[in-house]
Amino acid sequence: MTTTAWQRCINPQCKATYELTEIHHYCPQCGSLLDVEYDWDHLAVPKSLAHFERYWSERMIPQRFSGVWRFHELLPFAPLEECVTVGEGQTILQQSKPVAAYTGMKPGSLYLQYEGLNPSGSFKDNGMAAGTTHGRLVGAKVSACASTGNTSASLALFCSTTKSMNCVIFIGSGKIAYGKLSQALDYGAKTIQIEGDFDDAMARVQEVSKELGIYLLNSVNPFRLEGQKTIMFRVLEALRWEVPDWIVVPGGNLGNSSSFGKAFIELHRLGLIKKVPRLAVINASGADTLYRLYEQEKLRWNGGNVDRAKIDAFFHQMDVEGRRASTIASAIEINRPVNLTKCLRALDFCNGVVRKVSEQEILDAKAQVGAGGFGCEPASAASVAGTKKLVEEGIIGRDERVVCILTGYQLKDPNATVAYHGTDRAFFEKVLGARGVQTTEYANHPISVGNDLGQILSVLRQGK
Ligand code: F0G
């Protein structure tokens, strides 16, 4: 095992370090989040990002095929041959003219990063490759996570294919899209449905993991976030190592935004990039903790001295008012994001902004992504809806280069899609109308006809 990597508390007042093999969810000394840190001076760091192109010709080696591990030099906490892979990270960056037009961007300026093309259909596989590698390194036999659906699908897939650990997943009852639930069940994960929401499941899984010595694979696990850095490496690779002006990402538990920030901090420090992109994190209006704290309460990273009292007062007030997250974008239906402070660090380094988007805005953007590309689930479309908003506000320039991260695959949540495009009014009311969605401006309605050739021909001849 290498000694060129360790874990470190992100609180600058503490900075305690822990060995790679220690398992902590938070710093035992001060309770802050932990980072994986490297002794870059004693590691073989590439001189330029183009270094990684040499691995394109080694795709027959599973770890070189992996979109995570072919950047191993930038997350070297385990020997390459011991890194777990299920073929994650074969994702593409697609330039989309229709979606650019929808957001008000100039043609050629907007890109969609399809993380839904991962084996379990979401970006989580990037993190799970790294997280399960660490789990195996420390000899974990059982792993667990709380989930709004995608983390559990990903963990279940990694456990079923690699057989290195058993897994238990915790989900809020009725709080998960069926596409995702079906994956966890099909992959054979022990599935615990808790009466409550994601925040309840998250609290319980941490207690259970501690009590039973189960390895926790939520994004509070710093090794998982190492894997998610590679989403940014692949974006840069697709842009021929040029740095875009903006990265726009949906915000839930804030693992992705945190890991993107860490990726850019490290790339910059290592001299591998000169420019740093700006980061926009998009909340759903019904789950807007980060928006409120960052944009309204002006909570900041402040060199790591985050105003904890402000956060505590905010959550206290949330409980007093009985406010619970509620959004059609169930993946990001989260009140208490565990990576809040790390996300503040990312926003600080990347000169970030936070916006919230309504249910209507999310669904309209989702329909546009579907019509102009491979499609995505509702939470992912928040990035496109957020971009539109930031262009309208004049914060994103129309000809800047913007990358929206589409975090999850279209088929994860077919209910939302069918309710939007379909003609069943009762189903629309139940799924979307009840959430305040009023119009389906971008819907592609199916046309109902009798089982009659004449009728069918007549409809098609009318060009409907
Ligand atoms: N998009 C999708 C499709 C997600 O599944 C999630 C998170 C996010 C965005 C938010 O990312 O947490 O890094 O800010 N899903 C988690 C889960 C919470 O349990 O699957 P984040």
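Please treat every number below as a calculation from the coordinates, not as lab data. None of the values given here were measured: they were computed from a predicted structure. Cβ placement follows ideal geometry from the backbone for every residue including glycine, while neighbour counts extend to all protein chains displayed.
Tabulated results
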{"item": "Estimated D of the chain in µm² per second, where Rh is the Kirkwood radius over Cα pairs and Stokes-Einstein applies at 20 °C, 1.002 mPa s", "result": "95"}
{"item": "Sorted largest first, extent of segment 293-403 alpha carbons per principal axis (Å)", "result": "45, 32, 21"}
{"item": "The chain: angle of helix 378-392 to the longest principal axis, Cα-based, in degrees nearest 10", "result": "80"}
{"item": "Estimated vicinal HN-Hα couplings, Hz - segment 217-233 in sequence order (Karplus 6.51, -1.76, 1.60; Gly, Pro = x)", "result": "10, 7, 6, 5, 6, x, 6, 4, 5, 4, x, 6, 4, 5, 4, 5, 5"}
{"item": "Aspartates and glutamates whose Cα lies under 18 Å from that of residue 298, excluding same-chain neighbours fewer than 8 positions away", "result": "288, 307, 312, 348"}
{"item": "Distance between segment 177-212 and segment 323-338 - C-alpha centres, whole angstrom", "result": "15"}
{"item": "Lys/Arg +1, Asp/Glu -1 at C-beta; the chain dipole; positive extreme among 145, 264, 75", "result": "264"}
{"item": "Segment 117-131 versus segment 393-410: alpha-carbon centroid distance in Å", "result": "22"}
{"item": "Ranking of 330, 380 by count of other Cβ atoms within 10 Å, fewest first", "result": "330, 380"}
{"item": "Estimated 222 nm signal from helices in the chain, with DSSP H stretches of n ≥ 4 weighted -39500 (n - 2.57), rounded to 500", "result": "-11500 deg cm²/dmol"}
{"item": "Cut-off under 5 Å, modelled amide H: who pairs with residue 176 long-range", "result": "none"}
{"item": "Percent RCO, i.e. relative contact order, over the chain, from Cα pairs under 8 Å lying at least 6 residues apart", "result": "16"}
{"item": "log10 of Debye I(q)/I(0), alpha-carbon scatterers only, for segment 219-344 at 0.23 Å⁻¹", "result": "-1.42"}
{"item": "Highest-first arrangement of 107-118, 220-231, where packing means the average Cβ count within 10 Å", "result": "220-231, 107-118"}
{"item": "Mean Cβ count within 10 Å, highest first, over the residues of peptides 318-327, 132-141, 404-413", "result": "404-413, 132-141, 318-327"}
{"item": "Those aspartates and glutamates that a straight Cα-Cα span of less than 12 Å connects to residue 124, excepting residues fewer than 8 apart in one chain", "result": "88, 115, 226"}
{"item": "61, 23 arranged by Cβ crowding within 10 Å, fewest neighbours leading", "result": "61, 23"}
{"item": "Computed over segment 210-280: relative contact order in percent, which uses C-alpha pairs under 8 Å that are six or more apart", "result": "36"}
{"item": "Segment 27-57 and segment 419-444: distance between their alpha carbon centers, rounded to Å", "result": "46"}
{"item": "Angstrom value of the Kirkwood radius, inverse mean 1/r, which spans all Cα pairs in segment 143-206", "result": "11.1"}
{"item": "Label-to-label distance, nm, for residues given as residue 245 and residue 47 (7 Å Cα→Cβ offset)", "result": "3.3"}
{"item": "Relative contact order (percent, whole number), segment 55-107, Cα cutoff 8 Å, 6+ residue spacing", "result": "29"}
